[in-house]
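The values are calculated or read from the model by the stated rules, or taken from the named source; none is laboratory data. Fair warning: this is a prediction, and the values are worked out from it, not measured in the lab. Please note: Cβ atoms are built from the backbone with ideal geometry, for glycine as well, and neighbour counts cover all protein chains shown.
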């Protein structure tokens, strides 16, 4: 069990409870995978000793409230085109120790979300900022052990999107720490089910979500 006393608590974190924040952005379709947050939060209760706030926190990316959030999630299928306030907030949040999990619901490296989001990251952080991370990265042992790197999703195995199984994730690091974790694996859809149905799974696929959150809080 990781030492929760070492949690990286933002200076303006308004509560001692962990809360899940979804980023609302002005372009595209940000409000996807609506059951996913409650499922992830349930997994954190099931496996960790974190004190959890079960209400999903939805914050506009351009709002200063983002700086009160320990963990943010962003996803979609369509065009991502940040306005200036969104760009400035995203950059400042990441550079000041924030963490954003970004998931491409299309599971397609050539799709509109993927291309436009990666272009936004290049404009904000530089052309080479978003890079593949090795499969022995601390992310894969932050709580559970994932010796082969990021677990495969059923959407990859079913041939959705680009008909590829991605054996890597990408990230933008600040001072050696992941600030933006980027996935084309469609974890949002993979975890978008009522947590009570988890009992029907051979292996709990939300365990990797626990790793992501714990990495964001502890590393």
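Here is a yes/no grid of residues against (1) in contact with a helix residue (DSSP H, G or I) (Cβ under 8 Å, 6 or more places away or on another chain); (2) buried (at least 20 other Cβ atoms within 10 Å of the Cβ); (3) under 23 Å from residue 129 (Cβ atoms); (4) modelled with pLDDT of 95 or more:
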site: 166; (1), (2), (3), (4): yes, yes, yes, no
site: 188; (1), (2), (3), (4): yes, yes, yes, yes
site: 196; (1), (2), (3), (4): no, no, no, no
site: 201; (1), (2), (3), (4): no, no, no, no
site: 207; (1), (2), (3), (4): yes, no, no, yes
site: 210; (1), (2), (3), (4): yes, yes, no, yes
site: 219; (1), (2), (3), (4): yes, no, yes, no
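Within the bounds of the stretch 126-142, is there any residue that is within 16 Å of the chain's Cα centre (by Cα) and either modelled with pLDDT under 95 or under 23 Å from residue 19 (Cβ atoms) (or both)? Yes, there is a match, as at least one residue in the stretch 126-142 is within 16 Å of the chain's Cα centre (by Cα) and either modelled with pLDDT under 95 or under 23 Å from residue 19 (Cβ atoms) (or both).
For residue 104, are the conditions met, namely being crowded, with 22+ Cβ neighbours inside 10 Å and either over 15 Å from the mean Cα position of the chain (by Cα) or farther than 21 Å from residue 18 by Cβ (or both)? Spelling it out, residue 104 is indeed crowded, with 22+ Cβ neighbours inside 10 Å and either over 15 Å from the mean Cα position of the chain (by Cα) or farther than 21 Å from residue 18 by Cβ (or both).
What number of residues within the stretch 107-149 satisfy the criterion of being on the phi > 0 side of the Ramachandran plot, surrounded by 13 or more Cβ atoms within 10 Å (Cβ to Cβ) and free of Cβ contacts under 8 Å to residues at least 60 places away in the same chain?
If we filter the stretch 107-149 for residues that are on the phi > 0 side of the Ramachandran plot, which is where we start, we get 107, 126, 149.
From the residues that got through so far, the ones that are surrounded by 13 or more Cβ atoms within 10 Å (Cβ to Cβ) too are 107, 149.
Next cut, free of Cβ contacts under 8 Å to residues at least 60 places away in the same chain only: 149.
Result for the stretch 107-149: 1.
Filtering the stretch 18-33 to residues that are farther than 18 Å from residue 113 by Cα and within 14 Å of the chain's Cα centre (by Cα) leaves 19, 20, 21. Tell me, please, whether a residue that is out of contact with any strand residue (DSSP E or B) (no Cβ under 6 Å at 6 or more places or on another chain), part of a strand (DSSP E or B) and farther than 21 Å from residue 40 by Cβ can be found in the stretch 142-149. No, every residue in the stretch 142-149 fails to be out of contact with any strand residue (DSSP E or B) (no Cβ under 6 Å at 6 or more places or on another chain), part of a strand (DSSP E or B) and farther than 21 Å from residue 40 by Cβ.
Give the residue that is nearest to residue 118 (Cα to Cα), with candidates limited to residues of the stretch 150-164 that are modelled with pLDDT of 85 or more and either in contact with a strand residue (DSSP E or B) (Cβ under 9 Å, 6 or more places away or on another chain) or not in a helix (DSSP H, G or I) (or both). Of everything passing the filter in the stretch 150-164, 150 is nearest to residue 118 (Cα to Cα). Going by what's in this entry, would residue 215 be described as within 24 Å of residue 42 (Cα to Cα) and free of Cβ contacts under 8 Å to residues at least 60 places away in the same chain? Taking the combined requirement at face value, the residue does not satisfy it. Filtering the stretch 179-206 to residues that are more than 13 Å from residue 153 (Cβ to Cβ) and in contact (Cβ under 8 Å) with a residue 40 or more places away in the chain leaves 179, 180, 181, 182, 194, 195, 198, 204. Within the stretch 49-65, the set of residues being within 20 Å of residue 181 (Cβ to Cβ) and modelled with pLDDT under 95 comprises 50 only.
Checked against the criterion of being in contact with a helix residue (DSSP H, G or I) (Cβ under 8 Å, 6 or more places away or on another chain), crowded, with 18+ Cβ neighbours inside 10 Å, in contact (Cβ under 8 Å) with a residue 12 or more places away in the chain and under 18 Å from residue 215 (Cβ atoms), the candidates 82, 71 yield just one match: 71.
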